[in-house]
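Below is one structure, written out as structure tokens, with a few remarks after it.
We did not get these values from a lab; they are worked out from the coordinates using the rules stated. Remember, it's a predicted structure, so these values are computed and weren't measured experimentally. Because the Cβ atoms are built from the backbone with ideal geometry, glycine has one as well, and the counts that use them run over all protein chains shown.
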Ligand SMILES: N[C@@H](CCC(=O)N[C@@H](CS)C(=O)NCC(=O)O)C(=O)O
């Protein structure tokens with residue numbers, strides 16, 4: 001049996017995990033993904049050996065109860081080992097195969113997969129300069145990702161307001177203006193070849209499209225879906241790049257069905 005090189009624990013489906021599963025597919029790295037729908041993770045033990053707990057387990061594991069911090073409400077069961085490996089206590093949470101090293105933040109989990117690559121795929125560049133250029137795109141994407149998380153959590157909690165919407169729109173405009181400009185001279189974001197910057201871009205845009213599920217709330221504040229409004233009019237190269245990436249055979253196993261579901265307005269976590 002092939003030995004797993006990285007274990008990831010997360011709610012599912014999670015487009016931020018797709019960053020790692022796409023990278024693993026391209027580089028042929030065996031990884032393991034564990035998890036369940038967001039609500040179900042309230043009854044899971046958050047640990048290297050993450051697993052669903054029975055009613056009896058839930059009573060026995062009271063020592064692990066932690067107040068949820070971001071995205072979750074109420075209580076979660078996080079072991080000391082989990083919190084030591086994952087100081088922010090969040091998912092997605094990745095672990096080295098022996099469980100000793102925790103890797104957090106979806107971009108860094110994706111980087112870990114690319115660093116395990118021995119195939120010379122070039123996904124994480126070929127030298128310190130190109131790798132750092134990729135990091136620059138990943139860092140600017142994270143600035144947008146922070147806002148989009150606030151936006152999507154507000155939609156989920158039925159708490160969307162104009163401030164959240166316009167803050168996210170500003171962050172999206174700023175992020176895409178750099179991507180649009182980068183795509184003027186290249187077929188891919190960083191250079192003329194696929195890199196982690198493209199994978200991250202595609203998955204974050206897919207995540208933003210989750211907003212389709214709450215279109216009524218967006219219409220109520222007199223606005224449109226951010227993913228359509230911003231992209232179709234002002235960022236044609238970015239949109240075209242997104243379409244091309246989504247259709248690739250190494251992306252589509254993660255992207256295709258998920259995208260079809262959210263675009264049809266289907267609630268993915270019910
Ligand atoms: N930027 C992080 C976001 C991680 C994050 O905030 N995860 C939330 C769920 S959306 C979490 O695990 N919350 C645990 C809690 O509420 O205690 C990433 O992409 O990995």
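Which whole-angstrom value gives the distance between the alpha carbon centres of the stretch 1-25 and the stretch 151-177? Using only Cα atoms, the two centres lie 27 Å from each other. Extents of the stretch 7-115, taken as max minus min of Cα coordinates on every principal axis and listed largest first, are 42, 25, 23 Å. Note on the chain: antiparallel DSSP beta bridges, both residues inside, total approximately 60 percent of the bridges counted.
From the alpha carbon centroid of the stretch 48-102 to that of the stretch 110-146 is 28 Å. With both labels modelled 7 Å from their Cα along Cα-to-Cβ, the residue 174 to residue 118 distance reads 4.2 nm. Each Cα pair under 8 Å and six or more residues apart adds its separation to the average, and for the stretch 7-115 the resulting relative contact order is 31 percent.
Hydrodynamic radius of the stretch 168-270 by the Kirkwood approach over all distinct alpha-carbon pairs: 14.4 Å.
Taking all Cα-Cα distances within the stretch 66-121, those exceeding 12 Å account for 69%.
In terms of overall dimensions, the chain has a Cα radius of gyration and Dmax of 18.8, 60 angstrom.
Annotation for residue 66 and residue 181: the two label points, set 7 Å from Cα along the Cα-Cβ direction, are 3.9 nm apart. Rounded to the nearest 0.05, the FRET efficiency derived from the C-beta distance between residue 42 and residue 101 at R0 = 30 Å is 0.70.
Between residue 81 and residue 264, the contour length at 0.36 nm per residue exceeds the Cα-Cα span by 61.8 nm.
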